[in-house]
Each structure stands twice: as C-alpha cells, then as structure tokens.
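In what follows, a single structure is set out as structure tokens and then discussed.
The values are calculated or read from the model by the stated rules, or taken from the named source; none is laboratory data. As the structure is a computational prediction, the values presented were derived from the model and not from experiment. We work out accessible area using only protein heavy atoms, side chains counted, and drop any ligands, DNA or RNA first. Shrake-Rupley method; radii C 1.70, N 1.55, O 1.52, S 1.80 Å.
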Amino acid sequence: MEELEQSPESYTEHGVEIFKIGLFLFILIVLIFLMALFGNLSMIHLIFLDTQLHTPMYFLLSQLSIIDLNYISTIVPKMVSNYFLGKKSISFIGCGVQSFLFLTLAVAEALLLTSMAYDHYVAICFPLHYPIHMSKRVCVLMIIGSWTMALQIPYCQSRAINHFLCDIPAMLTLALFVSTTLFLVLPFIGIACSYGQVLLVVHHMHSPEGRKKANSTCSTHLTVVTFYYAPFVYTYLHPRSLRSPTEDKVLAVFYTILTPMLNPIIYSLRNREVMGALRRVIQRICAVKNVGRAFCMCSQDLDTSSCISVQ
C-alpha cells in the first residue's frame, strides 16, 4: 500500500479554508443574533407604545419576544467568546447554567404557544365571551403559570429507575421522558385541539372578511408553532440510531438561533395590525421631529430679530 504524503503547503491551504469557513459562519451568526435582538426589541417597544396593541394576544406576543431574546442570548454570546478566545470548552457550572436556562426557556415557550392558541380559539369560537375568558387577570395567570411550570423538573409519581443507585443517565432518562411528555406532547395536543375547533368554525363562517382575518391570524401562529415543534420532534422523538450528530447540530442551530430571529419577522410581515401600528409609531416619531425642527427654527428667528432690534 502506498502512503499518501501531503506537503506543508497543502496543510496550510486546508487550514486557511477552515479559517475562512469559520469566519464566515461567525459573521453570519453574529448578524442573525443582531437581527434577532433588533426584531424582538422592536416588537416589544411597538406593543408598549401603540395602545391598539394593548390586548391579551399582543401581550402574549411580547412575552414570546422576551423569551426569544433570552433564548438566543444563552447560546450565541458563549459561541462568540469561544471563537475569539480559540476555545472549545465550557465549565461545569457554565454548562449547568446554560442547560437550565435553555430547558426553562424552551418549556416556557411551549406553554406560551399553547396559551396563544387558546387565545385564538376563544377569539374565533367564542368572540362574545372573549373579554371574560381572556381578561387581564387570566392573561397574567397564563404568563405566571408558563414561567412557574417551566422552572419545575417533573418526575413520575413512582420515581422508580432501573438502576441500583441514582446514576445520572438513569435519572436523565426518567426526567427527559416525563419532560418530553408533559412539555412537548401535551402542549402540542392542546394546540392541535384548539386549532381543530377553530378550523371547524372558520369553515362554517359565511363572512369572507371574517374568514380571511381568521385564516391570517391563525396561519401566522401556526407557522411559528411549526418552526418551534418540527426540530424538537425530529431531535427528541426520532431514534438516535437513525440520525447523526451533524443533523442534531444543524437542527439545534435552527431552533436556538434562527427561530428567535424569524418569529418577529413572521408576526410583523403577516400581521396587518402590527404593520399598522408600526406605521403609526413612525408617523408619530416623524411628527415629533417636525415639531422639534419648527421649534428650533422659530427660536432662531426670535434670536435674529432680537439681535436686529438691539443694533
């Protein structure tokens, strides 16, 4: 067998190519991170500034933006620091904190998406009862419940594991199975049932405008739900023997980095109320600037006239 010898120049060229690819991915991830920060912060400020968006649906949407901000902030800053420092490691405490924040935010987002589905269900199926079923108190309780349940690590009632000691793999198997069932499967069933009822009601609607508005509202939320659940379903419910670590990494990039960037874009481009609120806020800012310029011009004119009179 002949040995393949490679010259130092080939190693150097290979290293330069890897460096270029790494630099390109680094710049791309940083740009996505900045877009996610700008989009979610803009969504939060827009909902806060425009009074027409002070409704339960948009209050829940602002909470989704807050979760997405924290979600991407638990991943990207560590990636950026590792790239700059040339490290590929994380401390034990850092790994624990990152895992805790990641799982907590993932569970909170799943429960929040379920709450948003319930909001759409009540708004379309029971519009006259909407102020009662989705009052401010109910909305606040939904938010508190989502965060409180996300902080809990569930175990089954028997708490029985197939081991002679509390070994980490056995405990993780127990916790992950129950967590997946409670916080991925059950919320998904709730969302599916809510939208099943919504589709029936929309199908029997006689008003084309009402049907169009309902379809627009539901399609936006269903797009976000699909982007959230599809990678999780493939990653956590697909047998590990049928997927590679590279696939897991690609899917992890999708639901930890891309999804927080895409959510505000989806809700802004496909929502007339958000676009209308954005136009009103921009017009208000322009009006304030015009008033400020007019005031400055008037003050300059007064100063000039006073100087002429003194002379």
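In the complete set of protein chains, residue-level accessible area for Ser268 is approximately 30 Å², probe 1.4 angstrom. For a straight C-alpha distance cut-off of 20 angstrom, the lysines reachable from Lys88 (same-chain residues fewer than eight places away being disregarded) are Lys20, Lys78, Lys249.
Accessible area per residue (1.4 Å probe, heavy atoms of protein chains only) ranks Asp248, Asp119 as Asp248, Asp119, with the largest value leading.
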